[in-house]
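Peer 1: Here's a structure for you.
FYI, it's all coordinate maths here, none of it is from the lab. Predicted, not measured: the structure shown is a model, and the values here were computed from it. Every residue, glycine among them, receives a Cβ derived from its backbone with ideal geometry; neighbour counts consider all protein chains shown.
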Amino acid sequence: METNFSFDSNLIVIIIITLFATRIIAKRFLSTPKMVSQETIAHVKDLIGQKEVFVAAKTYCPYCKATLSTLFQELNVPKSKALVLELDEMSNGSEIQDALEEISGQRTVPNVYINGKHIGGNSDLESLKKSGKLAEILKPVLQDI
Ligand SMILES: N[C@@H](CCC(=O)N[C@@H](CS)C(=O)NCC(=O)O)C(=O)O
């Protein structure tokens, strides 16, 4: 009796794991590529170039909070020189995220650009900071303040 119960629960666990694995594999390999219009790509490229610093973020994202804190609190980038988009608060936020993926090959947020150059996410920003390269990259941004 006990053996049967154990067998059933193992079977259920195996079925659940199989379902999850199938879902992950299907999402990874079978999902259709997102179609982003050239108009949206051009619009997002324009947004990236509008200010010296561009950050695509999401309000609930801890990595985004860390990036914004590094840029604005720690390194004193003036907010007037930055465009920060909180994608989760924008009606076209997912469209912008799709376009950013197409442009930079990066889907995650934060997605940082400085003077039109793709920096990457928070870990990339932190690596640049640690190596001293971020100060170099930000020099022109901080020059005339
Ligand atoms: N290693 C990345 C991690 C960024 C990350 O995982 N961001 C999450 C939000 S906290 C994300 O973009 N998830 C996918 C999404 O929101 O579409 C970094 O340092 O920036």
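Peer 1: For Lys79, give me every one of the lysines with a C-alpha distance below 26 angstrom, ignoring sequence neighbours fewer than eight places off in its own chain.
Peer 2: Straight-distance partners of Lys79: Lys45, Lys51, Lys58, Lys65, Lys117, Lys129, Lys130, Lys133, Lys139.
Peer 1: Gain in length, Lys117 to Ile103, computed as 0.36 nm per residue apart minus the alpha-carbon separation, to one decimal in nm?
Peer 2: That works out to 3.9 nm of additional length.
Peer 1: What number, rounded to the nearest 500 deg cm²/dmol, is the helix-based mean residue ellipticity at 222 nm of the chain, given -39500 (n - 2.57) per DSSP H run of at least four residues and division by all its residues?
Peer 2: When only DSSP H runs of four or more count, the value is -18000 deg cm²/dmol.
Peer 1: Restricting attention to segment 41-99, which chymotrypsin sites (Phe, Trp or Tyr not before Pro) occupy a DSSP loop and are surrounded by at most 10 other Cβ atoms within 10 Å?
Peer 2: Sparse-neighbourhood loop chymotrypsin sites (Phe, Trp or Tyr not before Pro): Tyr60.
Peer 1: Can you list which of the trypsin sites (Lys or Arg not before Pro) found in segment 51-145 are DSSP loop residues with at most 16 other C-beta atoms within 10 Å?
Peer 2: Arg107
Peer 1: If you don't mind, there's one more thing I want to ask. Taking amide H atoms as placed 1.01 Å from N in the peptide plane, list the residues 5 or more away in sequence, or in a different chain, whose amide H sits under 5 Å from that of Val84.
Peer 2: Close amide H contacts, sequence-distant or interchain: Val55.
Peer 1: Could you tell me the relative contact order of the chain? Use alpha-carbon pairs under 8 Å, at least six residues apart, and round to a whole percent.
Peer 2: Relative contact order comes out at 25 percent.
Peer 1: Put a dot 7 Å past each Cα toward the Cβ at Ala26 and Lys130; how far apart are the dots in nm?
Peer 2: Simple spin-label model gives 4.0 nm for this pair.
Peer 1: Ordered by residue, what ³J(HN,Hα) values in Hz, to whole numbers, does segment 138-145 give under the Karplus form 6.51 cos²θ - 1.76 cosθ + 1.60, where θ = phi - 60° and Gly and Pro are x?
Peer 2: 7, 3, x, 6, 8, 4, 9, 10
Peer 1: Using a Debye calculation, one point per C-alpha and no hydration shell, please list log10 I(q)/I(0) for the chain at q = 0.10, 0.15, 0.18 Å⁻¹ in order.
Peer 2: Values, matching the q order: -0.47, -0.79, -1.02.
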